[in-house]
Amino acid sequence: MYKLSFFLLVFTLIGCTSKPESRNVQPLMEHAESQVLFELSDELEKEHNAGTFDGLVLVTQSDSVIYKSAYGYRNIKSSIKNGRNTVSDIGSIAKTFTAAAVIKLSQEKKLGLSDSIGLYYPNAPDEVKAITISQILTHSSGLDNFHNDSDFEFMSKVQAEARILSMPMIAKPGEKVAYSNAAYTLLAAIVEKVSDQPFQEYIRRNFLEPLNLNRTGFYQDPNIPLQSVARGYGGEEQGGTTFERELTWALIGAGGMVSSIDDLATWFAALRSGSIFPSDSPNLALSEGNERWMLGSLAVRKISGESVIQMGGSTDYGYTALIQFIPERDLEIVLLLNSYGSKYGSATHHYLSRKHILPILLSAKKQLSNESIQPTPNASVD
């Protein structure tokens with residue numbers, strides 16, 4: 001028995017991506033006297049101490065924050081802990097900004113969701129011309145996944161458009177649901193054509209500034225202090241950041257964005273409520289596009305018998321992120337992680353929620369707590 005315990009301890013330590021002394025739990029608020037939240041806190045601390053993840057976790061119900069905590073360090077070498085102002089890579093959650101831009105432009109009658117690609121690229125191959133904007137939004141365009149060799153490959157917009165439009169189709173438009181990063185880069189290029197603005201500028205003016213998302217932006221954004229950006233600890237890279245890499249059209253529209261836990265929660269709430277769209281228009285972000293995807297680049301899944309609306313992302317260096325909403329419970333979960341171990345690897349965001357967070361939260365009554373919750377007085381504000 002003692003030999004088995006020793007073996008398990010050694011195995012756990014090997015699976016950690018950072019030194020044992022880098023384990024740290026920093027509650028960012030006073031949590032209500034709730035057995036469910038106590039269980040959640042204990043479970044997450046256990047997984048963090050085992051080296052499963054570092055980063056931030058936030059849970060809201062009925063738009064009130066009921067749980068928020070930071071784990072580990074955003075910079076181990078400099079002993080800087082993760083905190084509420086930590087900024088981290090959001091991976092493919094960036095696609096929700098691209099989708100929102102397209103929806104907003106459609107509601108302003110500047111493009112149509114039923115428009116075909118041929119309207120914007122008349123010289124594209126015939127099979128590509130038939131693809132509609134809504135099919136691109138819902139990953140049913142028939143376009144292949146990648147037009148690049150890496151996220152950091154230098155590529156101009158012209159080069160990206162040429163590659164995407166010339167790629168062999170993997171299915172006829174609307175025939176198959178198949179995730180495509182390349183398709184979202186093409187959407188970003190169309191946003192530029194229609195709005196007559198650089199894509200990043202359009203996102204900043206229409207979403208980031210109106211919502212005061214001051215810690216959300218694109219790689220190398222001069223308005224985001226480098227010292228607030230979490231370094232990644234996972235995969236082949238240890239201690240690097242994607243934020244410092246050049247953002248090219250290998251990634252624009254499909255990724256290349258960073259955010260904080262509060263900004264990400266604010267963005268997801270705005271996307272769900274439709275407050276970012278014209279007030280006289282329906283919230284098309286939550287409109288069903290096909291059996292798997294909504295128009296807002298949000299996936300619909302059944303988890304533990306509950307309908308879950310979600311979008312996740314993972315990038316190089318150990319970054320993973322996840323936004324989830326359970327409509328029946330008005331429950332939102334946001335994960336912004338900068339480290340993972342060997343237990344779940346680059347799928348840590350999904351498994352952390354599915355195996356450790358949702359089973360606890362979904363075991364509770366519909367309303368977790370009605371108590372007033374205040375920020376922790378000595379919580380890290382970075």
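Out of curiosity, is residue 346 surrounded by fewer than 18 Cβ atoms within 10 Å (Cβ to Cβ), of a type in the set (Ser, Thr, Tyr) and under 18 Å from the mean Cα position of the chain (by Cα)? Lay out the reasoning, then the answer.
Numbers: surrounded by fewer than 18 Cβ atoms within 10 Å (Cβ to Cβ): yes; of a type in the set (Ser, Thr, Tyr): yes; under 18 Å from the mean Cα position of the chain (by Cα): yes.
Yes: the conditions hold for residue 346.
Is it the case, given these coordinates, that residue 291 is of a type in the set (Asp, Glu), modelled with pLDDT of 95 or more and in a loop (DSSP other than H, G, I, E, B)?
Numbers: of a type in the set (Asp, Glu): yes; modelled with pLDDT of 95 or more: no; in a loop (DSSP other than H, G, I, E, B): yes.
It is false that residue 291 is of a type in the set (Asp, Glu), modelled with pLDDT of 95 or more and in a loop (DSSP other than H, G, I, E, B).
For segment 234-249, name all the residues that are closer than 17 Å to residue 314 by Cβ, within 18 Å of the chain's Cα centre (by Cα) and modelled with pLDDT of 95 or more.
Within segment 234-249, 241, 242, 243 qualify.
Could you list, in sequence order, the residues of segment 78-91 that are under 20 Å from the mean Cα position of the chain (by Cα) and assigned to a loop (DSSP other than H, G, I, E, B)? Break it down stepwise before answering.
If we filter segment 78-91 for residues that are under 20 Å from the mean Cα position of the chain (by Cα), which is where we start, we get 82-91.
If the condition is that a residue be under 20 Å from the mean Cα position of the chain (by Cα) and assigned to a loop (DSSP other than H, G, I, E, B), then 82, 83, 84, 85, 86, 90 are the ones that fit.
Check residue 158 against each of (1) assigned to a helix (DSSP H, G or I); (2) in contact (Cβ under 8 Å) with a residue 40 or more places away in the chain; (3) more than 26 Å from residue 277 (Cα to Cα); (4) among the hydrophobic types (A, V, I, L, M, F, W, C) and name the one condition it does not meet.
The single condition residue 158 does not satisfy is (2).
Given the structure, is residue 91 of a type outside the set (Phe, Trp, Tyr), buried (at least 19 other Cβ atoms within 10 Å of the Cβ), touching a Pro at 6+ places or on another chain (Cβ under 6 Å) and on the phi > 0 side of the Ramachandran plot?
So residue 91 does not fit the description; no.
Return yes when residue 262 is modelled with pLDDT under 95 and within 17 Å of the chain's Cα centre (by Cα) and no when it is not. Even if it seems obvious, please write down each step before you answer.
Values: modelled with pLDDT under 95: no; within 17 Å of the chain's Cα centre (by Cα): yes.
No, not satisfied.
State whether one or more residues within segment 94-112 are surrounded by 15 or more Cβ atoms within 10 Å (Cβ to Cβ), out of contact with any His (no Cβ under 8 Å at 6 or more places or on another chain) and free of Cβ contacts under 8 Å to residues at least 40 places away in the same chain.
No, there is no match, as no residue in segment 94-112 is surrounded by 15 or more Cβ atoms within 10 Å (Cβ to Cβ), out of contact with any His (no Cβ under 8 Å at 6 or more places or on another chain) and free of Cβ contacts under 8 Å to residues at least 40 places away in the same chain.
Restricting to segment 55-77, give me the number of residues that are over 17 Å from the mean Cα position of the chain (by Cα), hydroxyl-bearing (Ser, Thr, Tyr) and more than 17 Å from residue 318 (Cβ to Cβ).
Total meeting the criteria: 4.
Restricting attention to segment 274-326, and to residues there that are among the polar types (S, T, N, Q) and surrounded by fewer than 20 Cβ atoms within 10 Å (Cβ to Cβ), which single residue is farthest from residue 202 (Cα to Cα)?
Selected residue: 304.
Just checking, how many residues over segment 299-343 are within 25 Å of residue 363 (Cβ to Cβ), part of a loop (DSSP other than H, G, I, E, B) and either under 11 Å from the mean Cα position of the chain (by Cα) or touching a residue at least 60 places away in the same chain (Cβ under 8 Å) (or both)?
2
Does residue 66 qualify as being assigned to a helix (DSSP H, G or I) and either touching a Leu at 6+ places or on another chain (Cβ under 9 Å) or surrounded by 24 or more Cβ atoms within 10 Å (Cβ to Cβ) (or both)?
Here the answer is no, as residue 66 does not meet what is asked.
What strands (runs of 3 or more DSSP E) completely inside segment 184-270 contain at least 2 residues that are acidic (Asp, Glu) and surrounded by fewer than 16 Cβ atoms within 10 Å (Cβ to Cβ)?
none
All but one of (1) within 30 Å of residue 343 (Cβ to Cβ); (2) in contact (Cβ under 8 Å) with a residue 24 or more places away in the chain; (3) not charged (D, E, K, R) hold for residue 218; state the number of the condition that does not hold.
Unmet condition: (1).
Are any of the residues in segment 70-77 surrounded by fewer than 20 Cβ atoms within 10 Å (Cβ to Cβ), assigned to a loop (DSSP other than H, G, I, E, B) and not polar (S, T, N, Q)?
yes
Regarding segment 162-173, can at least one residue be identified that is crowded, with 17+ Cβ neighbours inside 10 Å, in contact with a helix residue (DSSP H, G or I) (Cβ under 9 Å, 6 or more places away or on another chain), among the hydrophobic types (A, V, I, L, M, F, W, C) and in a helix (DSSP H, G or I)?
Yes; the residues of segment 162-173 include at least one that is crowded, with 17+ Cβ neighbours inside 10 Å, in contact with a helix residue (DSSP H, G or I) (Cβ under 9 Å, 6 or more places away or on another chain), among the hydrophobic types (A, V, I, L, M, F, W, C) and in a helix (DSSP H, G or I).
Scan segment 245-298 for residues that are closer than 20 Å to residue 212 by Cβ and without any contact (Cβ under 8 Å) to a residue 24 or more places away in the chain and report the count.
Qualifying residue count, segment 245-298: 4.
The values are calculated or read from the model by the stated rules, or taken from the named source; none is laboratory data. Treat the numbers as computed from the prediction; the structure is a model and nothing was measured. Here the Cβ is made from the backbone with ideal geometry for all residues, glycine too, and neighbour counts use every protein chain on show.
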